[in-house]
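So the structure is just underneath, and the comments pick up after that.
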Amino acid sequence: MKKVIFSSFLCLSMFVQGQVQTPKASPVGKVEQRVGLTDISISYSRPAVNGRKIFGDLLPFGELWRLGANENTKITTSDILIFGPDTLSAGTYAIFAKPGKDTWEILFYTESINWGLPEKWDEGKVALRYQSEVEKTANNQENLNISIENMEFNSGNMIISWEKTKVSIPFTLNTKEK
């Protein structure tokens, strides 16, 4: 009987120990927003500055970056989003960025299940590219932040901010037509 009780206690303690969770270095963030009649969801991991120089050092200018940490940053939209003259169809996309000193290129990639950059980049899977100017900020944004701001019934801005850098990606919708 003692062996059964001891074995049960041992199994239970191992099970409980396996359930201990610790904070992630890059916690998961999620934005869910309805803009006009369109539902937009962005899921991403939020790395921290941790005293490092991010842009131009940890993330070299002109090189492709997965926009976040861990799993790919993903955007899901229930309807088309219009970025300048280009249209992004409804669906789920990985978001990549090519940071530059003065401008960023944002890429929406049709294959969203990669962990980081695809092993072999396929230009045919780039659904949309958008170039945006960089705004330097006085305040330090410790963790990467992605938000949707300046919403109106027919438009909004996806904002990416980290370190002392902010990038605004304006989009419009077909709310009026609907």
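Read the figures in this text as sums done on the coordinates, not as results from a lab. Computed from a prediction, not measured in an experiment: that's the story for all the values here. A quick note on method: Cβ atoms are made from the backbone with ideal geometry, for glycine too, and the neighbour counts reach across all protein chains shown.
With a cut-off of at most 11 other beta carbons within 10 Å, and DSSP calling the residue loop, which GluC sites (Glu not before Pro) in region 30-96 qualify? Please list them. Loop-located and lightly packed - Glu63. Residues considered: Gly100, Gly84, Gly156. Largest GNM mean-square fluctuation over the chain, using C-alpha springs under 10 Å, is found at Gly84.
Residues considered: Thr103, Thr165, Thr22. Largest GNM mean-square fluctuation over the chain, using C-alpha springs under 10 Å, is found at Thr22.
Between helix 2-18 and the chain, what is the angle of the helix's C-alpha long axis to the longest principal axis, kept within 0 to 90° and rounded to the nearest 10? The angle comes out near 20 degrees. Rounded, prolate or oblate: pick one for region 15-101, where a ≥ b ≥ c are the square roots of the eigenvalues of its C-alpha gyration tensor, a/c under 1.5 means rounded, and failing that, prolate if a/b is larger than b/c, else oblate. In terms of gyration-tensor shape, oblate. The modelled label-to-label distance between Arg52 and Asp122, using points 7 Å beyond Cα along the C-beta direction, is 3.0 nm. On the beta carbon distance between Glu32 and Thr103, with R0 = 30 Å, the FRET formula returns roughly 0.60.
Sequentially through region 93-105, phi angles give Karplus couplings (6.51, -1.76, 1.60; θ = phi - 60°) of 9, 7, 10, 10, 9, 10, x, x, 5, 10, 9, 10, 9 Hz, Gly and Pro residues having no value and appearing as x.
The HN-Hα couplings worked out from phi for region 151-158 by the Karplus form 6.51 cos²θ - 1.76 cosθ + 1.60 (θ = phi - 60°) are 6, 10, 5, 10, 6, x, 10, 8 Hz, whole numbers, x standing for Gly and Pro. Between Thr165 and Thr137, Gln141, the built amide H atoms are under 5 Å apart, and every one of these is 5 or more places off in sequence or on another chain. In a DSSP loop and with at most 15 other Cβ atoms within 10 Å, the trypsin sites (Lys or Arg not before Pro) in region 91-140 are Lys101, Lys120. Phi angles across region 63-69 convert, under the Karplus curve 6.51 cos²θ - 1.76 cosθ + 1.60 with θ = phi - 60°, into 3J(HN,Hα) values of 10, 5, 9, 6, 6, x, 10 Hz, Gly and Pro given as x. What FRET efficiency comes out for the pair Asn150/Lys178, r = Cβ-Cβ distance, R0 = 25 Å, nearest 0.05? Computed FRET efficiency for Asn150 and Lys178 comes out at 0.75.
Along the chain, the longest continuous region that contains none of the chymotrypsin sites (Phe, Trp or Tyr not before Pro) in a DSSP loop with at most 15 other C-beta atoms within 10 Å is 1-60.
In the elastic network of the chain, a GNM with C-alpha springs shorter than 10 Å, the most mobile of Glu149, Glu123, Glu105 is Glu123. Prolate is the label for the chain. Its Cα gyration tensor axes, ordered a ≥ b ≥ c, give a/c of at least 1.5 and a/b above b/c. For Asn72, the residues whose amide H sits under 5 Å from its own are Gly116, ignoring neighbours fewer than 5 places away on the same chain, with H placed 1.01 Å from N.
Placing +1 on the Cβ of every Lys and Arg and -1 on the Cβ of every Asp and Glu, with no other charges, gives region 69-173 a dipole of roughly 160 debye about its Cα centre.
Backbone amide hydrogens, once placed in the peptide plane, bring Leu128 within less than 5 Å of Phe108, excluding anything fewer than 5 places away on its chain.
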